[in-house]
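The values are calculated or read from the model by the stated rules, or taken from the named source; none is laboratory data. All figures in this text were calculated on a predicted structure; none of them were measured in a lab. Positions of Cβ are backbone-derived with ideal geometry, glycine not excepted, and every protein chain shown enters the neighbour counts. For accessibility, only protein heavy atoms count, side chains too; no ligands or nucleic acids. Shrake-Rupley method; radii C 1.70, N 1.55, O 1.52, S 1.80 Å.
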Amino acid sequence: MRTHKNRTSRMSIFLLVLALVISNFATMPPAYAADTLSFHQTSSLASGYEGGTATLKIDITNSTGAEINGEFKIGTSSLFDSTSPASFTAASTTTPPAATITPVTFPINLTGVAPGYYTVPIVATWNDGGAQSLEFTCRVQVKALADVVVVVPPSEDVASVSISQDLENSDGIVAGEPNDLTLIVTNNGDVTLTNADVNIAFVGPGLSLDNSGSTKTLDTLSVGSHKHAVFPILADDIIKSGSYAITVTVSASYGTQGKKTIATETIYVPVVSGGSTIQTNLDITSIAIPAEVSAGQDFVLSFSIGNIGNKDLSNLKITVDGGSDVINKSKNIFIEPTFKKGGSKTYAITYYVPASAAEKFYPIKISVESSTNTDAASDAITQYTGVLAKSAAGSKKPQLIIDNYSYGGSSVKAGSTIKLNLTLLNTSASQNISNIKVTLTAEDGAFIPYNSSNSFYVESIGKKQRFNRSVNLSVKPDAVQKTTAITVGMSYEDSAGNPYESNDVISIPVMQQTKLVVDDIIAPPDIFPGQPMSVSVQFYNMGKTVLSNLKITAEGNFTPTETTNTYVGNMEKGSSDYYDFSFIPNEAGPMTGNVIFTYEDLSGNQQVMKKAFEFQVVNMPEQPIDPGLPPPDTGGGSKLPFIIAGILLALAIAGFLIWRKRRKNKKAKELEFLDE
């Protein structure tokens with residue numbers, strides 16, 4: 001006979017096995033099955049470089065008991081080659097039949113396909129007593145090979161390199177886990193490179209180097225040779241899944257040339273959030289953007305968003321952020337209330353590169369997120385692209401910037417004087433600048449120059465040179481406590497006499513001193529032991545800032561008749577209030593104590609102020625006996641005088657407590673009125 005315990009044990013074992021099976025399949029790429037064969041992509045992602053090939057690895061499970069031959073080819077696709085089938089042979093099984101798994105590789109041509117992530121339809125066909133076929137999908141990543149910048153020196157020697165990449169984990173960098181990025185630098189020019197090195201810089205937040213420098217030495221690269229540089233990359237724990245841009249720069253010397261940049265390109269690495277591989281429901285593809293654009297010109301960025309998941313998405317938000325350096329001439333946020341599964345849509349945005357833009361690579365971030373469910377990782381994706389801005393021919397602008405500044409500490413006090421030290425830097429490596437005027441303008445007039453004006457003149461600064469200057473400033477006594485901005489306006493001329501202007505902003509925290517003033521605490525008259533008394537004290541906020549979370553209490557060698565704690569809240573500057581508390585002296589003699597004020601200043605720092613007091617408590621004097629009165633009746637005479645005295649004392653105490661209650665209610669109503 002089966003017991004309840006046995007049934008419970010069997011059910012527990014069944015649920016445990018079921019949970020293990022489900023957790024195992026949750027992290028596997030999808031599998032597809034027909035009646036006789038099943039197909040499974042062995043890795044979550046097949047990857048390759050644009051213009052090359054990606055190798056798709058597929059496991060075929062054959063449960064027929066006989067060897068089966070067939071072929072793979074690309075299904076309906078406008079991007080990938082569909083005319084190059086690859087044959088496969090699924091091995092026969094043993095006797096008695098037991099499913100046999102055969103690994104097969106299938107090359108996919110990536111010619112003409114833009115960098116990004118794609119879902120590729122694969123069609124398998126075979127004959128098992130009759131023609132059979134099955135279509136399934138696989139994930140493919142196309143990696144970017146950016147254009148190589150080739151420098152041709154006057155000697156006609158051509159220095160050129162190509163840069164390729166390899167990740168230790170082909171699925172991508174997993175958040176919170178280290179991963180090695182290997183860069184392969186190949187000298188495909190016609191001159192030997194010496195003193196070579198490779199440097200990486202991250203475009204945007206989220207990625208960092210794991211205890212490693214950003215530059216690796218390659219030493220000498222002979223013509224046709226290549227060398228590897230390994231960078232340990234670490235992704236933040238809160239990073240979102242997507243492709244992240246890294247700028248790679250190779251520098252070297254060759255011939256009679258000094259060391260200079262040989263190539264600069266942007267590579268993209270896949271990143272997976274949450275510590276495990278996540279299959280995203282969204283796809284950013286067909287990114288089209290010029291490799292470079294001249295300053296003062298427009299350019300168009302276009303891309304497509306695809307829903308490659310198995311559900312419709314709602315409230316899809318597409319955001320394109322190019323920062324403040326390139327100007328968006330059209331909308332940068334698109335909202336799609338519904339986005340059908342399998343659907344795709346193309347977006348185009350026009351940008352403008354200002355004529356004054358510095359010659360550098362400007363990253364552009366494309367983010368897509370949906371509010372369909374709480375699975376933010378699967379319904380969100382981020383990808384970076386960008387454009388190299390080139391200065392117009394003959395008009396490369398020399399830049400004058402504030403390279404460093406200091407003022408003697410981390411903050412300044414209102415009403416004080418400071419010495420502001422400025423360091424100006426001419427960033428140009430080819431031009432001197434001259435006729436320089438620098439003007440300081442403080443927000444809200446918080447800083448005022450003294451013993452000088454707010455401007456100074458510099459005759460010239462050489463290329464790549466710095467100039468130091470100090471300015472004496474007075475901080476206004478009533479300056480608002482905050483981080484105050486000072487705009488540094490600079491006008492100057494290049495070596496050809498062309499005028500330029502630029503503005504830098506520096507910030508200085510201003511602190512106001514708090515000032516809480518408390519009146520002296522006056523002792524009430526005739527303080528006797530055991531009798532309730534009350535004391536009131538006036539206090540004032542005579543500082544320039546609000547006192548926050550003001551709380552008052554009293555302590556000392558007395559017995560309080562009720563709580564001594566009072567919460568005032570925020571006390572505005574220039575306002576006043578009072579605090580009172582009731583007590584019963586314990587004994588004759590000095591009664592000492594403190595009224596304690598606790599509050600926070602605008603920086604959130606807690607301040608404590610104590611106001612001490614000392615009262616003299618005396619015993620109640622005995623009533624003198626009138627000699628003309630008859631002696632007191634000690635034989636049980638009338639007790640009426642004592643009863644009357646007791647009643648009067650009780651009435652006095654009750655009157656005092658009622659007065660005190662009404663006074664507190666009146667104060668509460670006044671505070672409530674002030675809050676409104």
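Given their separation in residues at 0.36 nm each and the Cα-Cα distance between them, residue 119 and residue 311 gain 67.6 nm when the chain is fully extended. Site pair residue 222 and residue 166 shows an inter-label distance of 2.2 nm when each label is modelled 7 Å from Cα along Cα→Cβ. Using a Förster distance of 25 Å, how high is the FRET efficiency between residue 186 and residue 350, based on the Cβ-Cβ distance and rounded to 0.05? After rounding, the FRET efficiency stands at 0.10. The modelled label-to-label distance between residue 333 and residue 454, using points 7 Å beyond Cα along the C-beta direction, is 3.5 nm.
Here the label points at residue 42 and residue 434, each 7 Å from Cα along the C-beta direction, are separated by 7.1 nm in the simple model.
So, by mean Cβ neighbours within 10 angstrom, what's the order for 545-558, 514-527 with the highest one leading? Write out the running numbers ahead of the final one.
On the way: 545-558: 18.7, 514-527: 13.8.
The most tightly packed comes first, giving 545-558, 514-527.
Report note on the peptides 239-249, 121-131: ranked by the mean count of other C-beta atoms within 10 Å, highest first, their order is 239-249, 121-131. Counting only protein heavy atoms and using a 1.4 Å probe, what share of the accessible area of the stretch 208-334 belongs to carbon plus sulfur, as a whole percent? Ligands and nucleic acids excluded, carbon and sulfur reach 47 percent. Checking the cross-link pairs 311/365; 419/610; 476/515 against a 28 Å limit on the alpha carbon distance flags 419/610 as lying beyond it.
What's the FRET efficiency of residue 260 with residue 441 using the Cβ-Cβ distance as r and R₀ = 41 Å, to the nearest 0.05? Present the calculation step by step, with values, prior to reporting the outcome.
Details: r = 39 Å, r/R0 = 0.96.
FRET efficiency, residue 260 to residue 441: 0.55.
For residue 612 and residue 404 in the same chain, what is the full-extension length gain: residue separation times 0.36 nm, less their Cα-Cα distance, in nm? Working shown, then result.
Details: separation 208, 0.36 × 208 = 74.88 nm, distance 4.88 nm.
Roughly 70.0 nm would be gained on extension.
At an R0 of 45 angstrom, the distance between the Cβ atoms of residue 602 and residue 101 translates into a FRET efficiency of 0.05.
For the pairs 73/345; 390/464; 482/611; 240/317, note any where the Cα-Cα span goes beyond 23 Å. In this structure, 73/345; 482/611 exceed 23 Å between Cα atoms. With every protein chain kept in place and ligands, DNA and RNA left out, what is the accessible area per residue of the stretch 183-336? Probe 1.4 Å, answer in Å². Per residue, the stretch 183-336 has 42 Å² of solvent-accessible surface. Taking 0.36 nm per residue of separation and subtracting the Cα-Cα distance, full extension of the segment from residue 586 to residue 469 would add 35.3 nm. Per residue, the stretch 343-501 exposes an accessible area of 49 Å² to a 1.4 Å probe, with every protein chain left in place. The phi torsions of the stretch 126-134, fed into the Karplus equation with coefficients 6.51, -1.76 and 1.60 and a -60° offset, translate into couplings of 7, 10, 10, x, x, 5, 10, 8, 8 Hz, rounded to whole numbers, with Gly and Pro shown as x.
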